[in-house]
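Below is one structure; the comments refer to it alone.
The values are calculated or read from the model by the stated rules, or taken from the named source; none is laboratory data. Predicted, not measured: the structure shown is a model, and the values here were computed from it. Note that each Cβ is placed from the backbone with ideal geometry, even for glycine, and that neighbours are counted across all protein chains shown. To get the accessible areas, we keep the full protein, side chains included, count just its heavy atoms, and leave off ligands, DNA and RNA. Shrake-Rupley method; radii C 1.70, N 1.55, O 1.52, S 1.80 Å.
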2 protein chains.
Amino acid sequence: MPLGQRPGDKSDSRYCGVEVLDFPAGEGLPAVLSHSISSGFDFILAPLVDPNYRPAPGAVLPVSASDLVLGPAQWSNHVVGKISEWIDLDAEDERLRLDSELTLKQEIAWASHVSLQACVLPAPRTSFCGNYARVVNQILQGLTNMHLWLRLPLEKSEPMDDDLDKIKNNNHMSEIVDSWELWNSFRLLCDHSSQLCVALDISSTLPSINSLGRWFGEPVKAAILQTNAYLTNSKGYPCLSKRHQRLLTGFFNHSVQVIISGRSNLNVFPASGVLSGDESCIEDSPVRHALAPYLEYIAYLYQKMDPLPEQERFEINYRDFLQSPLQPLMDNLEAQTYETFEKDVVKYTQYRRAVAKALVDRVADDAVSTTRTVLMVVGAGRGPLVRASLQAAEETGRKLKVYAVEKNPNAVITLHSLIKLEGWESLVTVISSDMRCWDAPEKADILVSELLGSFGDNELSPECLDGAQRFLKPDGISIPSSYTSFIQPITASKLHNDIKAHKDIAHFETAYVVKLHRIATLAPTQQVFTFNHPNFSPSASNQRYTKLQFEMLPDMGSCLVHGFAGYFDSVLYKDVHLGIEPNTATPNMFSWFPIFFPLRKPIYVPQGSPIEVHFWRCCAPTKVWYEWAVTTPTPSPVHNSNGRSYWVGL
Amino acid sequence: MPLGQRPGDKSDSRYCGVEVLDFPAGEGLPAVLSHSISSGFDFILAPLVDPNYRPAPGAVLPVSASDLVLGPAQWSNHVVGKISEWIDLDAEDERLRLDSELTLKQEIAWASHVSLQACVLPAPRTSFCGNYARVVNQILQGLTNMHLWLRLPLEKSEPMDDDLDKIKNNNHMSEIVDSWELWNSFRLLCDHSSQLCVALDISSTLPSINSLGRWFGEPVKAAILQTNAYLTNSKGYPCLSKRHQRLLTGFFNHSVQVIISGRSNLNVFPASGVLSGDESCIEDSPVRHALAPYLEYIAYLYQKMDPLPEQERFEINYRDFLQSPLQPLMDNLEAQTYETFEKDVVKYTQYRRAVAKALVDRVADDAVSTTRTVLMVVGAGRGPLVRASLQAAEETGRKLKVYAVEKNPNAVITLHSLIKLEGWESLVTVISSDMRCWDAPEKADILVSELLGSFGDNELSPECLDGAQRFLKPDGISIPSSYTSFIQPITASKLHNDIKAHKDIAHFETAYVVKLHRIATLAPTQQVFTFNHPNFSPSASNQRYTKLQFEMLPDMGSCLVHGFAGYFDSVLYKDVHLGIEPNTATPNMFSWFPIFFPLRKPIYVPQGSPIEVHFWRCCAPTKVWYEWAVTTPTPSPVHNSNGRSYWVGL
C-alpha cells in the first residue's frame, strides 16, 4: 500500500518496506510477508538463507522459503533479499574469506532464481574492501536484471578520541571514516556498474547538510531508517527531528524508498501482545505490526509534502533524460517545437517588458506622435516576439514599424497567416531570409532576438547577431543586450551511466540538454562566457577561453565529479533579465533545461581540494564548438578536440 | 654520420644533431645544414620561421627556406623543426595568446608540408599549460606522421628562497617545479597521444638518479645537451661529469638522440675564426663547426660503451613487443618453439644440477648399485629434461628409470626418435598422455617438470603438478619444489600506447609476455604467489589473493604507473634455483621474458604516496585467470573480472 497519492509523482518513494531482523525459520516467510503487507508495508527486506549456514561439500542451501512458497509476483514485488551479514570478504582468515565468497555467490544465485529485483549487501566491515568489491564485480558481470544495494551507514563516523592524533598526522585516515569514501572506492572497483546501488542506514545522528547532499547524485535506492532514529512525541508516538524530516523529504523527492528497521521502542502502543516488538512474532489473529506506528509517521510525512507544481509535473518525464542540443541554424524547427516554446508566457512577458523600456528610452514622451521606431525581430519564428513587441508599443503608446526576419520558410507561412489574422499588415513586414545575408532597406532602432540556448551562446546567438548588426543603427539597441553562461561541478552517476552505455568517447564529448534531477551540486555556479550586443569593436571575436577554480562546499567531504551543469542568464534590457541560472532563475519559465558537459572519466576531488576546469569556445568557418578539460586535482584529456564529437553548424 | 658502430644496435641514438640558435635569414638554411653535416652532425634542429614574425591578415609566413631549397629527403632526414620560442599560449594577454595559437598552427602546417619527421615545441613558460595543451592536442588530431617533441628542462628546479614558505603551506607548489609533473599534465590533457614526445634540455646540474630514472619509461626522443653542461679537461677539451656520462649511456641504451646546443666555451680550438662560436657563421672555406669538439666527445662516449651482449642482440627485435602468453595446455607447441627453448643451455644445466642433488639425497652412496630411482618427466616435450636427468644420473653414478610423459603427439614422435638415436631404450619409457589422466604403473621418486611461465604459475604448473602428484611417492621430490611470482610497478608509455591502439578494454585486461626495455621501474619487486610441490594438504587450493603495498623509490618524485612487470623465481631443488626476478635472475637464460599486467587507465602516484595493488588467481573448472586492481592512491576498476578478457584454459 503506497504511502499516499501525490499528484504527478510516480516514483518509487511511494513505497515503504520493513526489515525482517530474525531469520524466518521453517518456511515462516509467507506469514511474515502477509503480516507486513496487511500492516501497510509494501515489501520486506528479508534474510534468504539461515545465518548459521556455512558452505560444505554437498550441503543444500538452507533457504528461508522454497521458491514455491511464494508466487513469482510476490517474490519479485514484495521481497528484497538480505545477504547474510556474517560474510566478511576481506577477513584475514582465508577460510572465512573463501566461505564468504561462496555463500555470497550462492545467495545471489538463489535470489536471481526467484527473480528478486534487488538484494542488500551487508556493509563492508573495514575500509579495505578490495576483495569484497572484486567478488561483487564478478557477480555483477553475470546479473541481468537484479540490482545489488550496498548497505552503508549514512553518518560520517566520528573517529575515536585516540584516533584523532593519527588523523592529524595522516589525512588519509580522516577520509576513511566517511562512508561515501567507501562507496566511492567500491563503485570505482566495480567500474561504475549501473546495477550497483546504495542503501543508507539512517540512525539518530546525521552528518552536515553538504555531506548529505552528495548522496543525491548517487544511486541511493533505499533509506533504512532505524527505529532509534525516531524521537517520541508527548503522546508517546514516534516522530522525527526536523533535520531527519528534511532528509526524508529529500529522499522522497529523489525516488528513494524508506525501509523501517529495528525493534519498536514504543510503550503507548494500544494493541496488546506486540510490545515484545518483534515483527517476526506472528500470531493467528491479524495483529498490527509492531513497527506500524513508524510507518504511519512516514506516510504522514509523505502526505504533507506540497503537491508537485504543475511545471514539475509537466517536466517529470524529462528528469535526467539526456537530449542532444538543437541545431537551429542547420536544421529548421518543427511546428511542434514552435508550439511548445510559444507557450512560455513568462518568457514573452519579459521580452514585452524589455521592449517597452527600450521604446520609452528611445522615444521621449513628446516625440511619440512624430517618431516611428524601426524594430526588427531576427529569427521571428511563428511570431511570438512580433506579438510581444506590438504589445509593448501599444502599452507605451509608441509607434512601431516591425520587420520579422525568419529563415525557416515553413515558419514564414505561419507568420503571414498570423499577420493577416491579427490585421497587422500595416505594421509588420515579413522577410523570408537568413538574418546573416539579408540586405535590409533601412537600419533598425531595436533588434529583438531569441536565439539563446541553455548555455546562452550555444545555439550561436553571437554569430547570428554579429551578422545582423549591419542593419542596426550605431546607437541602436539589441534585446538581449548581453548573456552570460554559468557552470558548476555536479555528481550525476545516472547521467554518467547513461552516457557510458554508448561505449564510445564521442558521447562523453557531447553536451546534453537535460532536466537535472538526481544530481548533487558540489560548488556554487561561476560565470563562463559573456557576450554583449551590439559590439562594434573591430577586433571582436567570439572565441573565448575561461579557466575556473571551484572551491567545493564546506563540510562536504570528498566527492566525485561526473561533469558540469551549465546555465545562462541574459540581460534583455537594463533591469529586465531572463535566465535559468539557479540563483537568479526567472520563475515558471519552461523553455530551457540546463546543459550538461560530461567528463570521460569522473574525477575524484579530495576534501579540501579545489577543482579547476577550462572551457574554450572555438570557432571555425563552418562550425562552433566547445572544448573542456579539468587540470586540478588531476588533468583530464581535453574533451571534444576540434569539435570532433559535438559542434554546432553555422 | 652516425656516432659509431655498435654491433647489433640499430637505434636512433647513433645519430647526433645540433641546434641552430639564430634564424638563418635569407635562405641561409642549406649552408647551415651542409656545414653541420660536413662537421659530423646528422641533423639540425632549426627555426622554421623568422622569430620576428607575428600573424597579420594576408601576411606570408617568413620561412627560413622555401621547400625547394632543400630536397625532400634533406628536409625529412636532416631537419627537425624548432617552433618559435616566443609563443606563449597561456599568456594573460589575449592578443599574444591568439597570435601564438595561430603561429603555432602555421609553423606546424609548414613543417608538415615539407615532411619533417618532428618538431620541437618550446617549453611551457609556466606550470599552467592548459591552453597550450589544448592547441597541441588539436594539432595532434590532424597529424599523420610527424611527431611533436615537447621541450622540457631536465633539472627538477629548485624553488626560489621566498617560495619555500609557500611550499610549506601548499604541497601543490612543490610538485609544480618538477618538470616531469608538467609533462604528465600535458600528456594527460593530450590523452596519451603517441605522437607527443619529449626533448629534455640538459644543463650542468642533474636531479637525483631515481628522479632521472622515471624518464626511461617516457617517450623521450632527444636529449638537448647544453654546452654549459660540459666540463673542460686539462687539455682544454670538453668532457662530461661521471653523472652526465652515466645519464648519456642510459640515453644511448634507450634510443634517445643527443642534440648539442649552445655557444662554444672553448679556447683551445685550433682553427681560427670559429672562436666567435656561432654555428650559423658560415664562411666560404670548409671551416669546422664550432661545436664539433662537443660532438667528438659524444662520439667517444658512444664508442666506448660495451658492445651489446649476444643475448641482448638476439633479443633486440623483441624489445617492448607485446606477445600474448602461450596456452600450452590447450594448444600444442610447434616444433620451432621447442627448438628455441631447447637451446637454453643454462636452464637445462640448472635442471641437471637439481636432479643430481636430488639423486644423491635419495640414494646413499652405498646403495647406488642396488637402487634404481624412478624419475618421471611430466611434460617431456622433445626430451631436453630426459637428457638432463640422464646426465645427472651418469654424473652421480645413480641408476635411473625414466618415464617421459608428454601430451603432444607430435612431440612424442620426436621423443621416440631421440631415444632410438641415443640408445636410451632400456632407460626411458615414453608415455603419450596428459599427466593429469595417466594411469601410472608405479610411483615416482622424482617428478621433473618445466611448466613455468614468465609469472611462474601462469601456464598452470600448479594444476598440472597437482594432477601428476597421484603417482609421486609420499616422500617423493618435485623438481621444481616451489616457485614464486613477483611484481613491481612500472612506467611504460610505449606499451600503454600499443595496447590503447586496439581501442578496447579486453587488451587492457590481458597480461603480455614482453622484453621490457623502455620502461622505468618505480619500486623494488615484491612476492605475489607461491606454490609448493608436492602438496598433500587436503584443503589445498590454487586460488590465491595477495594485497601488496609498494613504497616508491625515494627522491623520485611523482610518477605514472602504466602497469606491473611480473617475474618468477623457482627453487628447483634446495639451493638450485632458476628465475628471472631481476635481483636474483639466472644469468644468460633466454627462455622467459617478463610478463606485463597493464592498467586500463594509468595511475598517477603523487610523491610520498604508496601504491596498493591486489592480485587474485581465480580458478574455475575449465580455466584459470588473474584479476587485478589498484586501490591506493586511486581505486581502479577490477581488471579481467571472471577472466572475461584473458584466461588460461585447463
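Has region A:305-320 got at least one residue that is in a loop (DSSP other than H, G, I, E, B), of a type in the set (Phe, Trp, Tyr) and modelled with pLDDT of 85 or more? Walk me through it before giving the result.
We begin by selecting, within region A:305-320, every residue in a loop (DSSP other than H, G, I, E, B); these are A:305-309, A:320.
Then keep just the ones that are of a type in the set (Phe, Trp, Tyr); that gives none.
For region A:305-320, residues in a loop (DSSP other than H, G, I, E, B), of a type in the set (Phe, Trp, Tyr) and modelled with pLDDT of 85 or more: absent.
With respect to (1) within 11 Å of chain B (Cβ to nearest Cβ); (2) assigned to a strand (DSSP E or B), the lone exception for A:Ser609 is condition (2).
Specify which of the listed residues (B:Asn535, B:Asn542, B:Asn583) is open to solvent by 50 Å² or more (accessible area, probe 1.4 Å), of a type outside the set (Lys, Arg) and either assigned to a helix (DSSP H, G or I) or over 22 Å from B:Gly217 (Cβ atoms) (or both). Even if it seems obvious, please write down each step before you answer.
On the way: B:Asn542 fails: open to solvent by 50 Å² or more (accessible area, probe 1.4 Å); B:Asn583 fails: either assigned to a helix (DSSP H, G or I) or over 22 Å from B:Gly217 (Cβ atoms) (or both).
One residue alone meets the criteria, B:Asn535.
Here A:Glu425, A:Glu450, A:Glu463 are screened, and the one residue that is under 30 Å from A:Pro524 (Cα atoms) and open to solvent by 40 Å² or more (accessible area, probe 1.4 Å) is A:Glu450.
Tally up the residues in region A:197-215 that are under 18 Å from the mean Cα position of the chain (by Cα) and either β-branched (Val, Ile, Thr) or within 14 Å of chain B (Cβ to nearest Cβ) (or both), please.
Kept after step one, since they are under 18 Å from the mean Cα position of the chain (by Cα), are these residues of region A:197-215: A:197-198, A:209-215.
Applying the additional criterion that residues be either β-branched (Val, Ile, Thr) or within 14 Å of chain B (Cβ to nearest Cβ) (or both) yields A:198, A:209.
So the answer is 2.
Taken together, the residues in region A:391-415 that are surrounded by fewer than 16 Cβ atoms within 10 Å (Cβ to Cβ) and under 12 Å from A:Val428 (Cβ atoms) amount to 0.
Hey, does region A:383-390 have a residue that's touching a Pro at 6+ places or on another chain (Cβ under 8 Å) and buried (at least 23 other Cβ atoms within 10 Å of the Cβ)? Give the steps one after another, and end with the answer.
If we filter region A:383-390 for residues that are touching a Pro at 6+ places or on another chain (Cβ under 8 Å), which is where we start, we get none.
No: zero hits.
Looking at region B:597-609, can you tell me whether even one residue there is of a type in the set (Phe, Trp, Tyr) and modelled with pLDDT of 95 or more?
First pass over region B:597-609, keeping only residues of a type in the set (Phe, Trp, Tyr): B:597, B:604.
Restricting the remaining residues to those that are modelled with pLDDT of 95 or more gives B:597, B:604.
Yes.
Specify the residue that is modelled with the highest pLDDT; the eligible residues are those in region B:545-561 that are of a type outside the set (Asp, Glu) and surrounded by fewer than 15 Cβ atoms within 10 Å (Cβ to Cβ). If we take residues in region B:545-561 being of a type outside the set (Asp, Glu) and surrounded by fewer than 15 Cβ atoms within 10 Å (Cβ to Cβ), then B:Gln549 is modelled with the highest pLDDT. Assess whether B:Pro24 counts as being assigned by the TED database to the domain that holds B:Thr227 and open to solvent by 30 Å² or more (accessible area, probe 1.4 Å). Spelling it out, it is not the case that B:Pro24 is assigned by the TED database to the domain that holds B:Thr227 and open to solvent by 30 Å² or more (accessible area, probe 1.4 Å). Identify, by number, the condition in (1) touching a residue at least 60 places away in the same chain (Cβ under 8 Å); (2) open to solvent by less than 30 Å² (accessible area, probe 1.4 Å) that A:Tyr237 doesn't meet. Looking at each condition in turn, A:Tyr237 falls short on (2).
Can you pull out every residue in region B:634-650 that is assigned to a strand (DSSP E or B) and more than 10 Å from every other protein chain (Cβ to nearest Cβ)? Explain how you work it out, then say what you get.
Initial filter on region B:634-650 (assigned to a strand (DSSP E or B)): B:639, B:648-649.
The answer is B:Val648, B:Gly649.
Hey, among the residues in region A:92-110 that are within 13 Å of chain B (Cβ to nearest Cβ) and open to solvent by less than 30 Å² (accessible area, probe 1.4 Å), which one's nearest to A:Leu140 (Cα to Cα)? Filtering region A:92-110 for residues that are within 13 Å of chain B (Cβ to nearest Cβ) and open to solvent by less than 30 Å² (accessible area, probe 1.4 Å), the one nearest to A:Leu140 (Cα to Cα) comes out as A:Glu101. In the set (1) over 24 Å from the mean Cα position of the chain (by Cα); (2) part of a strand (DSSP E or B); (3) more than 14 Å from chain B (Cβ to nearest Cβ), the condition left unmet by A:Pro621 is number (2). Scanning for something more than 22 Å from the chain's Cα centre (by Cα), more than 9 Å from chain A (Cβ to nearest Cβ) and modelled with pLDDT of 75 or more, does region B:163-177 turn up at least one residue? No, region B:163-177 contains no residue that is more than 22 Å from the chain's Cα centre (by Cα), more than 9 Å from chain A (Cβ to nearest Cβ) and modelled with pLDDT of 75 or more.
In region A:329-347 there is at least one residue matching the filter, namely being open to solvent by less than 80 Å² (accessible area, probe 1.4 Å), closer than 25 Å to A:Tyr512 by Cα and modelled with pLDDT of 95 or more.
Restricting attention to region B:542-566, the residues that are over 22 Å from B:His639 (Cα atoms) and within 12 Å of chain A (Cβ to nearest Cβ) total 1. Evaluation of B:Pro62 against the conditions (1) in contact with a strand residue (DSSP E or B) (Cβ under 9 Å, 6 or more places away or on another chain); (2) of a type outside the set (Asp, Glu); (3) surrounded by 14 or more Cβ atoms within 10 Å (Cβ to Cβ); (4) without any contact (Cβ under 8 Å) to a residue 40 or more places away in the chain shows that the sole unmet condition is (3).
Could you tell me which residue of region B:182-212 is farthest from A:Pro635 (Cα to Cα), considering only residues that are in a helix (DSSP H, G or I) and open to solvent by 20 Å² or more (accessible area, probe 1.4 Å)?
Filtering region B:182-212 for residues in a helix (DSSP H, G or I) gives B:182-189, B:209-212.
From what is left, the residues that are open to solvent by 20 Å² or more (accessible area, probe 1.4 Å) are B:182, B:185, B:209-210.
Details: B:Leu182: 11, B:Ser185: 6, B:Ile209: 26, B:Asn210: 24 Å.
Among them, the one singled out is B:Ile209.
Taking the conditions (1) away from every other protein chain (no Cβ under 14 Å); (2) open to solvent by less than 50 Å² (accessible area, probe 1.4 Å); (3) modelled with pLDDT under 95; (4) more than 34 Å from the chain's Cα centre (by Cα) in turn, A:Leu68 satisfies each one other than (2). How many of the residues making up region A:33-60 are in contact with a Ser or Thr (Cβ under 9 Å, 6 or more places away or on another chain) and closer than 19 Å to A:Ser115 by Cβ? Qualifying residue count, region A:33-60: 8.
Does region A:512-542 hold any residues that are in contact with a Cys (Cβ under 6 Å, 6 or more places away or on another chain) and over 19 Å from A:Ser570 (Cα atoms), and which are they? Listed by number, the list holds a single entry, A:Leu522.
Within region B:111-126, the presence of a residue that is within 14 Å of chain A (Cβ to nearest Cβ) and farther than 22 Å from B:Gln226 by Cβ is excluded.
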